[in-house]
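Comments concern the structure below.
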Amino acid sequence: KQFFKQTFNFGAARPILNKQHPNTSKMTYWFPSLFVVGLVCSVVFLLMGYPYFLWFYGIYLSLIFIDSFLQNKNSVVAGLSIITTLVQFLGYGLGFLRSNFRLLMGKSITATFPKMFD
């Protein structure tokens, strides 16, 4: 829960930092958000009878499991690697999307991330 909150806040802060310091903006900051949007779309396609898109996520997470297992020789750690990857991508991606959406809707930086300015 705390790891999710931390990554969510990192993701939420990034668009604000990009706005204040445009030279720090990178395309890679969008990757976790694309992961989240793709996952949601894949689940919708699954419900419509098209499981193929979700297979990519299964393959990706399987590769994470295999890589972690080969490095650590421990299946529990490999399983936890999948969980931490999902928590990190979901937390950062959702925070990043939320903050970008609020900025696009014309909210001020302080209204977008008020705890940063307490």
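The values are calculated or read from the model by the stated rules, or taken from the named source; none is laboratory data. Quantities reported herein were computed from a predicted structural model and do not represent experimental measurements. Using ideal geometry, Cβ is built from the backbone for each residue, glycine included, and neighbour counts are taken over all protein chains shown. When the accessible area is computed, the model is the full protein with side chains, heavy atoms only, and any ligands, DNA or RNA have been set aside. Shrake-Rupley method; radii C 1.70, N 1.55, O 1.52, S 1.80 Å.
Just the protein heavy atoms count here, and of the accessible area of the stretch 39-106 at 1.4 Å, carbon and sulfur take up 75 percent. Taking only Cα atoms, what is the 0 to 90° angle, nearest 10, from helix 52-72's long axis to the longest principal axis of the chain? For helix 52-72, the angle is close to 80 degrees.
Straight-line reach from Lys107: taking Cα to Cα under 17 Å and skipping same-chain neighbours fewer than 8 places apart, the lysines in range are Lys19, Lys115. Rounded to the nearest whole Hz, the Karplus-based 3J(HN,Hα) values (6.51 cos²θ - 1.76 cosθ + 1.60, θ = phi - 60°) of the stretch 38-50 follow the sequence x, 5, 4, 4, 5, 5, 4, 4, 4, 5, 8, x, 10, with x at glycine and proline. Seen from Ser33, the other residues with C-beta closer than 11 Å to its C-beta sum to a net charge of +2, counting Lys and Arg as +1 and Asp and Glu as -1.
Estimated purely from DSSP H runs of n ≥ 4, each contributing -39500 (n - 2.57), the mean residue ellipticity at 222 nm for the chain is -26000 deg cm²/dmol once divided by its residues.
Can you put Leu80, Leu90 in order of accessible area, largest first, using a 1.4 Å probe?
The residues order as Leu80, Leu90, largest area first.
Between the C-alpha center of the stretch 75-110 and that of the stretch 1-64 there is a gap of 6 Å. Diagonalising the gyration tensor over the Cα atoms of the chain and scaling each eigenvalue by 5 before taking the square root yields semi-axes of 30, 19, 12 Å, largest first.
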